[in-house]
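Trainee: Shown below is the structure under consideration.
The values are calculated or read from the model by the stated rules, or taken from the named source; none is laboratory data. Computed from a predicted model, the values in this text were never measured in an experiment. Heads up, the Cβs are rebuilt from the backbone with ideal geometry, glycines too, and the neighbour counts pull from every protein chain shown. Just the protein is used for accessible areas: all its heavy atoms, side chains included, with ligands, DNA and RNA removed. Shrake-Rupley method; radii C 1.70, N 1.55, O 1.52, S 1.80 Å.
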Amino acid sequence: MEETAAYVHHIATSWAGPELSYPPLPAPHIPFTVTELEEAIAKIPATKAVPHSFPPGPFWKSQAPFLAGWLYEQLTCWWSSSPPFIPQAWKDAWVRWPPKPNKPATKLDNLKMLGLQKPLGKAVLQLVAHKALKHSFERLRMWPQFAYLPHRSTRDALLRASAYCQAVRNLVLQKRSVHQTTVLQPHFSCVGGIQLFLDLTRAFDALPRSVLATALSNAKLTPQLQSILLAWHIGTNDNIAINNTVRCIPVSRGVRQGCCSAPYLWSTAMVLLLNELQDTIPLQWIKDHISIYADDLHIFCLFYNEQDLTDCIYFFEAVIMAIDRMGLKLSPQKLCLLLKGKGPGFLLWKKRYCVTSKTLQPYLFLCDGSLRIPIMKKCLYLGAVMSYGDFQKQTVAVRVNVGWNNFRNFSLGLANGTRFL
């Protein structure tokens with residue numbers, strides 16, 4: 001009973017928030033054809049886990065032609081009014097708790113909550129999410145976010161980051177020759193680069209659902225598709241089965257990891273964040289100097305004088321405050337700042353604003369001293385090392401080390417007779 005109470009309390013407190021209220025939207029009707037519905041049912045994975053109370057994937061796939069016709073008739077009735085009817089079994093999730101990578105499963109904070117959903121409802125929601133992404137793609141693609149969108153990947157974010165590190169390295173390490181001094185080449189008093197890495201704490205789980213309605217509207221999604229997606233996230237529950245006890249806990253915060261609409265909904269929330277930054281940051285600066293990949297934010301810029309550096313710090317604080325206004329929190333352990341510069345003006349600025357702790361770790365304080373960010377020489381970003389030194393070789397060294405660790409773990413499993421599927 002004590003273990004069950006701990007799980008219930010963890011879900012009830014971590015995913016609690018104001019209930020999403022359904023806005024005045026028209027009846028959605030069905031945004032896809034019966035043929036598309038049949039194809040979606042036929043694509044239900046045959047081997048993925050499903051809640052124990054529902055048939056596995058092969059059952060639904062084998063009956064796709066029959067189920068599509070029957071379900072299309074039901075949806076015609078359910079979605080002809082506003083708000084549309086969504087079966088409770090489709091909105092609910094059955095929770096599983098796999099451990100997070102490289103963390104022992106000794107406490108709930110080290111476990112990752114995955115919500116299993118009914119295969120038929122998940123297929124319908126995936127079809128709706130696909131239609132939503134297709135409709136609002138032009139709006140989403142104009143912003144510098146590189147996860148969950150077609151034709152974008154980790155590589156795009158890494159190329160932007162590495163190109164910036166290379167530019168700073170060239171700028172700071174370049175030396176003035178006697179000839180350049182003679183012909184009066186400009187001499188910079190404060191020149192260099194600064195970049196900030198932000199990671200959000202429990203990002204998907206902590207996203208307030210009240211933000212979803214604003215985010216979908218900002219993405220210029222049709223009111224009909226907004227209606228379905230919002231109705232799907234009203235009155236949701238998480239079901240847990242612990243020690244032969246089944247409990248149903250209402251949840252009113254976050255988008256579920258494992259839900260097929262979560263990537264799209266998160267993308268719209270990040271676009272909303274970038275869009276609201278325009279009140280304090282120029283649009284072109286946002287597009288050129290901010291990268292978002294899932295819940296990782298990378299903000300970077302070059303500076304050629306003290307005013308450029310001051311503006312960079314102001315923009316950093318604007319992003320942090322915008323994140324806070326959305327109801328999201330930063331992970332203090334994963335904050336990192338890289339700073340490189342030269343010139344008497346830069347040294348004076350660094351002496352004025354950077355503080356060194358007793359352990360000789362330098363810090364930069366932002367947001368009136370409420371946020372302390374360590375100044376590091378390198379930072380791991382999306383599996384690659386970012387620094388103003390030889391980041392290419394540093395990345396190779398890290399990846400080789402990871403490969404050897406995986407090889408040792410695999411070899412240990414083989415030596416112990418473990419079978420890998």
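Trainee: Over 28 Å between Cα atoms, which of Lys91/Lys134; Lys48/Lys107; Lys100/Lys134; Lys91/Lys131 qualify?
Mentor: The pairs that break the limit, which is 28 Å between Cα atoms, are Lys100/Lys134.
Trainee: Kindly point out which whole DSSP H helices in the chain project their C-alpha atoms 27 angstrom or further along the helix axis while averaging a Kyte-Doolittle hydropathy of -0.5 or above.
Mentor: Once both thresholds are applied, what remains is 119-141, 154-173, 306-325, 391-415.
Trainee: Run the Debye formula on the Cα coordinates of the stretch 232-331, all scatterers equal and no solvent, and tell me log10 I(q)/I(0) at q = 0.10, 0.14, 0.19 1/Å.
Mentor: Summing over Cα pairs of the stretch 232-331 leads to -0.42, -0.67, -0.99.
Trainee: Let me ask something else about it. Considering the zone a paramagnetic label at Phe188 would reach in this model (a point 7 Å from Cα along the Cα-to-Cβ line), which residues of the stretch 291-306 have amide N under 19 Å from it?
Mentor: Answer for this model: 299-306.
Trainee: Please work out the C-alpha center-to-center distance from the stretch 109-157 to the stretch 313-365 and express it in whole Å.
Mentor: Taking the Cα centre of each part, the stretch 109-157 and the stretch 313-365 sit 32 Å apart.
Trainee: Which loop-located trypsin sites (Lys or Arg not before Pro) does the stretch 338-399 contain, where loop means any DSSP state but H, G, I, E or B and the Cβ has at most 10 other Cβ atoms within 10 Å?
Mentor: Lys358
Trainee: Still on this structure, I have one more. If each DSSP helix of 4+ residues adds -39,500 (n - 2.57) and the sum is divided by the residues in the chain, what number results at 222 nm, nearest 500 deg cm²/dmol? Present the calculation step by step, with values, prior to reporting the outcome.
Mentor: Working: 16 runs with 196 residues, N = 421.
Counting only the DSSP helices, I get -14500 deg cm²/dmol.
Trainee: If I model a spin label at Arg152 and Ala167 as a point 7 Å from the Cα along the Cα→Cβ vector, what separation in nanometres do I get?
Mentor: Modelled inter-label distance: 1.8 nm.
Trainee: Right, next: Return, for the Cα atoms of the stretch 289-421, the radius of gyration and Dmax in Å, separated by a comma.
Mentor: Rg, Dmax (Cα atoms, Å): 19.3, 63.
Trainee: Roughly what would the spin-label model give for Ser82 and Ala415, points 7 Å off Cα along C-beta, in nm?
Mentor: Distance between the two pseudo-spin positions: 6.6 nm.
Trainee: How big is the Rg/Rh ratio for the stretch 1-141, C-alpha atoms only, Rh by Kirkwood, two decimals?
Mentor: 1.02
Trainee: So for the chain, considering every pair of alpha-carbon atoms, how many percent are separated by more than 33 Å?
Mentor: Every Cα pair in the chain considered, those over 33 Å come to 45 percent.
Trainee: Okay, next question. How big is Rg to Rh over the stretch 160-306, alpha-carbon atoms, Rh as the Kirkwood inverse-mean-distance radius? Walk me through the intermediate numbers first.
Mentor: Details: Rg = 23.1 Å, Rh = 19.2 Å.
With Rh from the inverse mean 1/r over Cα pairs, Rg/Rh is 1.20.
Trainee: Here is a follow-up. Suppose all protein chains stay in the model; what accessible area per residue would a 1.4 Å probe give for the chain, in Å²?
Mentor: Averaged over the residues of the chain, the accessible area is 51 Å².
Trainee: Based on alpha-carbon atoms only, what is the radius of gyration of the stretch 26-69 relative to the globular estimate 2.2 N^0.38 Å?
Mentor: 1.33
Trainee: Suppose we keep just the DSSP beta bridges with both residues in the chain; what percent of those would be antiparallel, to 5?
Mentor: Working: 43 of 48 bridges.
Within the chain, antiparallel bridges account for around 90 percent of the total.
Trainee: Here's something else I'd like to know. Bin width 5 Å, alpha-carbon pairs only: give the P(r) of the stretch 356-405 as whole percents, running from 0 to the bin holding the largest distance.
Mentor: 5, 18, 19, 16, 16, 14, 8, 4, 1
Trainee: Given a Förster radius of 45 Å and the C-beta distance between Glu276 and Ala42 as r, what FRET efficiency does 1/(1 + (r/R0)^6) yield to the nearest 0.05?
Mentor: Efficiency at R0 = 45 Å is approximately 0.65.
Trainee: Related question: What does the net charge come to around Met321 if you take all other residues with beta carbon closer than 13 Å to its beta carbon, with K and R at +1 and D and E at -1?
Mentor: Result for the neighbourhood of Met321: -3.
Trainee: Also, I was wondering about something else. Share of the chain's accessible area from carbon and sulfur, percent, 1.4 Å?
Mentor: 58 percent
Trainee: Mark the label point 7 Å from the Cα of Arg352 along Cα→Cβ and return the residues of the stretch 358-392 whose backbone N is within less than 17 Å of it.
Mentor: The answer is 364-369.
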